[in-house]
């Protein structure tokens, strides 16, 4: 049996047995390491975005290449982020940096912990592995139509992620978050001396800084879609499953 | 539609708690214990970067064609003190760079002597803490050679750079530890982009500490002091920015 680690029905312990319908199926969907990482990230990503915007206020211009300052051509001039969006809530570059650099450690080592634990407990292999069949245009189109009809679960295998979900999670875990971490490291002059190849990977410091910003926008995009789908899929059940690990299969929608 | 109300309540709740969390961040940052933890991030980054670095790990050096067309000047643009103005008026002819503190042979190096020392030329990128960067060419003796000439004592842990400028009325100074002090790219530059350093860029001498951010690259260096501890210097945090605005003392990040 691949896919689902455990199937169990705790509802039948907690409640009197339902006379007519059998209790809806409960699935152990999210492993404890996934849940821990998820909630750490809720706090960490929030702080990284707020403090990052605070840092950006010091020089809200983005360039491409090895260098970039006021008199060089910028590809993007950003507005000043208001205090309610930044950490701290007033302009203080030093404190924004303190927040950002501390939580960068939580963010980076959190990802490392999650990746190692998810290989060991086979979360990646079982739940995120995308088969070639899933990437066929027919399957992708079917999944898009299912999403538009607000049907997010395959009734035959309701605990499994659908392919769009897998693509969103896998690209965030293996591409967007690592890009944010590596471009962040690439902006550090100490790291530039220690790992000279890293900054070259991104085409210079100003490019790394621009990609860091684009990565943040992508991550915000992921969060917005993620939260919208949680709302549509049933927020109580989804959030409960992210806390307890157990998810109750919803009644089928027609 | 109770589920819709729930969703609305959840969205409102999430937005509200995000706002609370943001203002909570400011409150929690006032807590001394939390502040200590938050500020410890700098020590952790330093320790990790040092694990990945050797004393020979060099910052990237560029070719002339890669230099910034305009190298922006920042911070103090002219110290403007009477002493500095006097030095500037006679082109630093009487200027002597003092090297003292925990050294066996205190020095007073004239500009002529400094320029006669073996020099290192490097085209490097200057990274401001604000986020901008500029590539320029720097020319001057390695700080390590000067410290060797002064026979720095093994008890020295930090090198402090005392500057001519007052920043918001306070003496600008900064410091680096011995790992960076003896780094080959740490030089006391007296020329920039093939000309003597201009006043705006730190005449007559500017520190280049290429593995750290711009606020460590002290301009108008008047005195180099070897110390065992930063406690007695300024407000004890290792530099003007560290003392006054909570900047990281290790500016390699």
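The values are calculated or read from the model by the stated rules, or taken from the named source; none is laboratory data. As the structure is a prediction and not an experimental result, all values here were calculated from the model. We place every Cβ from the backbone using ideal geometry, glycine too, and count neighbours over all the protein chains shown.
Points worth noting:
- Residue B:143 vs. criteria in contact (Cβ under 8 Å) with a residue 24 or more places away in the chain, away from chain A (no Cβ under 14 Å) and touching a helix residue (DSSP H, G or I) at 6+ places or on another chain (Cβ under 6 Å): yes
- Just one of the listed residues (A:171, A:155) is farther than 30 Å from residue B:185 by Cβ, exposed (fewer than 15 other Cβ atoms within 10 Å of the Cβ), out of contact with any strand residue (DSSP E or B) (no Cβ under 9 Å at 6 or more places or on another chain) and modelled with pLDDT of 95 or more, namely A:171.
Every residue, every condition in (1) assigned to a helix (DSSP H, G or I); (2) within 10 Å of chain B (Cβ to nearest Cβ), yes or no:
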{"site": "A:84", "(1), (2)": "yes, yes"}
{"site": "A:87", "(1), (2)": "no, yes"}
{"site": "A:110", "(1), (2)": "yes, no"}
{"site": "A:114", "(1), (2)": "yes, no"}
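- Test: residue B:140 is more than 25 Å from residue B:91 (Cα to Cα), at pLDDT 95 or above and within 21 Å of the chain's Cα centre (by Cα): no
- Residue within segment B:242-251 that is part of a loop (DSSP other than H, G, I, E, B) and more than 10 Å from chain A (Cβ to nearest Cβ) present: yes
- Residue A:138 assigned to a loop (DSSP other than H, G, I, E, B) and either within 14 Å of chain B (Cβ to nearest Cβ) or farther than 28 Å from residue B:44 by Cβ (or both): no
- Entirely in segment A:171-254, the helices (runs of 4 or more DSSP H) that have 1 or more residues that are under 30 Å from residue A:67 (Cβ atoms): A:177-186, A:189-194, A:196-201, A:205-233
- Filter pass, residue B:160 being in contact (Cβ under 8 Å) with a residue 24 or more places away in the chain and either outside the structural domain of residue B:89 (by TED's automatic domain parsing) or surrounded by fewer than 24 Cβ atoms within 10 Å (Cβ to Cβ) (or both): yes
- Residues of segment A:64-79 classified as over 17 Å from residue B:73 (Cβ atoms) and either in contact with a strand residue (DSSP E or B) (Cβ under 6 Å, 6 or more places away or on another chain) or more than 8 Å from chain B (Cβ to nearest Cβ) (or both), total: 9
- Residues within segment B:146-157 that are more than 13 Å from residue B:186 (Cβ to Cβ) and touching a residue at least 12 places away in the same chain (Cβ under 8 Å), tallied: 8
- You will find that of B:218, B:226, the residue that is away from chain A (no Cβ under 14 Å) and either in a loop (DSSP other than H, G, I, E, B) or on the phi > 0 side of the Ramachandran plot (or both) is B:218 and no other.
- Residue tally, condition in a helix (DSSP H, G or I) and modelled with pLDDT under 80, over segment B:1-37: 22
- Of the residues contained in segment B:15-35, none is found to be loosely packed, with under 13 Cβ neighbours inside 10 Å and within 21 Å of residue B:129 (Cα to Cα).
- For segment A:146-170, the set of residues classified as part of a helix (DSSP H, G or I) and touching a helix residue (DSSP H, G or I) at 6+ places or on another chain (Cβ under 7 Å) consists of A:147, A:163, A:164, A:166, A:168, A:169, A:170, listed by residue number.
- Top-ranked residue in segment B:42-54 [being under 20 Å from residue A:94 (Cβ atoms) and under 18 Å from the mean Cα position of the chain (by Cα); ranked as surrounded by the fewest Cβ atoms within 10 Å (Cβ to Cβ)]: B:43
- Highlighted here are the strands (runs of 3 or more DSSP E) found entirely within segment B:54-167 that include at least 3 residues which are within 27 Å of residue B:241 (Cβ to Cβ): B:96-101, B:120-127, B:133-140, B:158-167.
- Residues of segment A:90-108 satisfying the condition of being more than 25 Å from the chain's Cα centre (by Cα) and either more than 8 Å from chain B (Cβ to nearest Cβ) or in a loop (DSSP other than H, G, I, E, B) (or both): A:90, A:91, A:92
- Given (1) within 8 Å of chain A (Cβ to nearest Cβ); (2) buried (at least 20 other Cβ atoms within 10 Å of the Cβ); (3) touching a helix residue (DSSP H, G or I) at 6+ places or on another chain (Cβ under 6 Å), index of the condition residue B:132 fails: (3)
- Scanning segment B:38-63 for residues that are more than 7 Å from chain A (Cβ to nearest Cβ) and modelled with pLDDT under 95 yields B:54, B:55, B:56.
- Only residues that are within 11 Å of chain B (Cβ to nearest Cβ) and either touching a residue at least 60 places away in the same chain (Cβ under 8 Å) or surrounded by 19 or more Cβ atoms within 10 Å (Cβ to Cβ) (or both) were counted across segment A:194-206, and they come to 6.
- Filter pass, residue B:66 being modelled with pLDDT of 85 or more and more than 7 Å from every other protein chain (Cβ to nearest Cβ): no
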